[in-house]
Amino acid sequence: MTPMVDEEACGGDNEGAERKRMLAGMLPSFYVMESRRLRRLVYGRFSKTGPVGHLLNLMQGLFILFLAVHSFRVEKIFTLRQQLSGFPIGVTVIWSFLSLLQILARPERIFYEMARVEMHLLGFWLVWEYDFDYVDEHCQTATMVWCTIESMQTIFYVFGIVFAATLFLHVAQKGVIIYATHCANRGIGARHLWGVREDEVTFGGHLSLSYRPGSIFAPNRASCRYVGERDAQGRPHGHGMWYDSSFHGECLRGYWIHGRPRGAFTSREYGTGALSSLRVIGYATTRADCPPEALDSSTLWPRKAEKLRFGVVGVEVSLAGGYYNFLPGVQHSDECTSTADMTREILQQSRGGLSDEVRSPSPLDMPSSFGDQELQFAVIPEEEMRAQVAEDSAGEVATVMVPIQFRRGDRVGHVSEASMGIARSLAEQRPEALVFVHGYNTPLAGAVGRVAQLASSGNMLPHIVPFVFSYSAGSALTYLPVVLQMHQYGDDFATFLQQLGESFRQVHILCHSCGATFFFASARKALACFAPSRRIDGNPRNGHQPAGHPPADDGRPHLATLTMLNPDVLTETVKQLLPEVMEVAERFTTYNDRNDGALFWSHVIHTILPRSWSGVQGRRRRIGVLGKNIGSVWIEGSSSGSASQARGGLVDTGSFESARRGRVSTSEELGSAFYDGRIDVIDCS
């Protein structure tokens, strides 16, 4: 294990040597953080209006100005122009000066901002110099206007030179940035390129570096420093914070490994306040088009590998203050040997574990942090409490005496952690697995990026451990080959879920678009990996098992939720398999959208294809995609039976048209239909 050295422990007679060691240890981190800063400088944050949008806005403005001048053609306008011949020069100087101040205050997207100002000034000068008398006298056709007015020709020449100079400076800056990025990745150039030196001003005794963020383009200097744990060579190692005072610098707080931020962290850009964070995601795949060294690659045709492989990636995503154009992005990737090894690596990197000594023999033994949690206690009558104990045939109800500290008159009590005893399970949340299955035309890097963005933006609870199962998703032109080969991944998907069950007792599956087709293509093999549903008796208010039913906890995990997002799966397929799914899944939720464009084209393709390709029997059967249907869904059976006794599968209320007409089905209208409230269809149209 690499020894950890706290920065505050430095001192004594060898203070000078210690500072040199820490300075040398900060340089590798400086290169890493400078590479991140240059990337933010080059790509910047997402903007709704790009260069093309600015050009279109300029053209619209010119058209409106020309139309206004032409419509209100009065002699006073031309007399005013002659009297105020210096007016456009003053406007140009003031406009340029204010724009320069804005660029210096917020040096973001400099080239686009300068080009936008120059285009607007060009339009202003063209409108100001437009001479109707000259046009009427010398121009016979509209196409001759631009070539016959000499002042306008001069304007085009001048602004052409200005545009060329701006473009030259932009290209020169890009070249310097590319060279600086190359130097930062190689760990060279700290002295001659950035002028790195020890800052004379210290912050709380912590070492600070001074450097030139603009390199040779600007003499101004900024400071950066690190506060936290270090390794024996003085490099950031462990929990710590990096601070950079330049505009595109960042304040990064998280876990470091030998000078590099690795594992969960949060970052805030100094100048813009934009927030980002890193999430650790695991993946399992047998696709051959995304090797471990190129997770963002893909091929035209789907390609399946023979061996199931595992890995862990750190994905950085934007949170607030604007979204970066280059995020989500994979920052690091590690291969793993098994699902258990992958799970341990995720939990370690998410919680800052840095050495093998903190490894747990099983992820099940790693509950979430106890911390300060709010629990809810319900006061019930004594008779109801005795009834619950009497109905507990499995011996799951436990009783414990816990002292509660409270103030008289308050409705809030406090319980110490030590006095919880066996009731600690009320506060501890063991890890649960979330498995995401992506749609077609999605590389592995894109899939893990979506999960990381969902986990970060949704503030996913820390005990949820995210995974991605990825199949070869082809390209935009190979939809059918991708769909027709999905059944080949059934054994691999089942193997992954079976291994996942060795580490988790609760599993959530989330399918997007064609991921729903993938799940139902492998449904029977996947469902065999899970224990029967604990709510299968049809009563959503309790988890009691009906007489004669096998026990819910047979060593296999429980499929807590099955969620579909705009599912691209045929309704007929869902009708056939949903009764079997609900014997295992404790809740099924689908978010549908009638206006989804991808689902529209999927519906068109399945309508054109032969019925045998789509798996629909009968000539008169209408093809339907689940994601475009909005309506009530239930399983047919007896009110006292279970889902396993379903006779007719999914009841189709006019192909889900009843909800569109405003008709809501109730339990009385269903008659003998089995309904337990475990199926939700949510309209996101």
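The values are calculated or read from the model by the stated rules, or taken from the named source; none is laboratory data. This is a predicted model, so every value here is computed, not measured. Using ideal geometry, Cβ is built from the backbone for each residue, glycine included, and neighbour counts are taken over all protein chains shown. Please note that ligands, DNA and RNA were not included when accessible areas were found on the heavy atoms of the full protein model with its side chains. Shrake-Rupley method; radii C 1.70, N 1.55, O 1.52, S 1.80 Å.
Rounded to the nearest 10 square angstrom, M460 shows an accessible area of 40 square angstrom against a 1.4 Å probe.
Using +1 on the beta carbon of Lys and Arg, -1 on that of Asp and Glu, and nothing else charged, what's the dipole of segment 380-456 about the Cα centre, debye to 20?
Numbers: 7 positive and 10 negative charges, 100 e Å.
Using Cβ point charges on Lys, Arg, Asp and Glu, segment 380-456 gives about 480 debye.
Quick one: pull the percent of accessible area on segment 234-328 belonging to carbon and sulfur, 1.4 Å probe, ligands and nucleic acids left out.
Values: 1780 of 3460 Å².
The nonpolar share, carbon plus sulfur, comes to 51 percent.
When the residues M564, M114, M401 are ordered by accessible surface, computed with a 1.4 Å probe over the protein chains alone, the sequence from largest down reads M401, M114, M564.
Each DSSP beta bridge with both residues in segment 391-496 is either parallel or antiparallel, and the antiparallel ones are about 25%.
Quick one: grab the alpha carbon gyration tensor of segment 201-314, order the square roots of its eigenvalues as a ≥ b ≥ c, and give me rounded if a/c is under 1.5, else prolate or oblate depending on whether a/b is larger than b/c.
Working: a/c = 3.06, a/b = 2.01, b/c = 1.52.
Prolate is the answer for segment 201-314, as a/c is 1.5 or above and a/b outweighs b/c.
A 25 angstrom limit on the alpha carbon distance is what I want to check against. Which of K307/K628; K307/K525; K575/K628 exceed it? From K307/K628; K307/K525; K575/K628, over 25 Å: K307/K628. Put simply, the amide H of Q429, placed in the peptide plane, has neighbours under 5 Å in S368, leaving out anything fewer than 5 places away on its chain.
Using the heavy atoms of the protein chains and a 1.4 angstrom probe, tell me the accessible area per residue for segment 194-325 in square angstrom. The partial results should precede the final answer.
Values: 5210 Å² over 132 residues.
With all protein chains present, segment 194-325 gives 39 Å² per residue.
Exactly which GluC sites (Glu not before Pro) in segment 185-272 are in a DSSP loop and have at most 11 other Cβ atoms within 10 Å?
On the way: sites: E198, E200, E229, E250, E269; in loops: E200.
Passing sites in segment 185-272 are E200.
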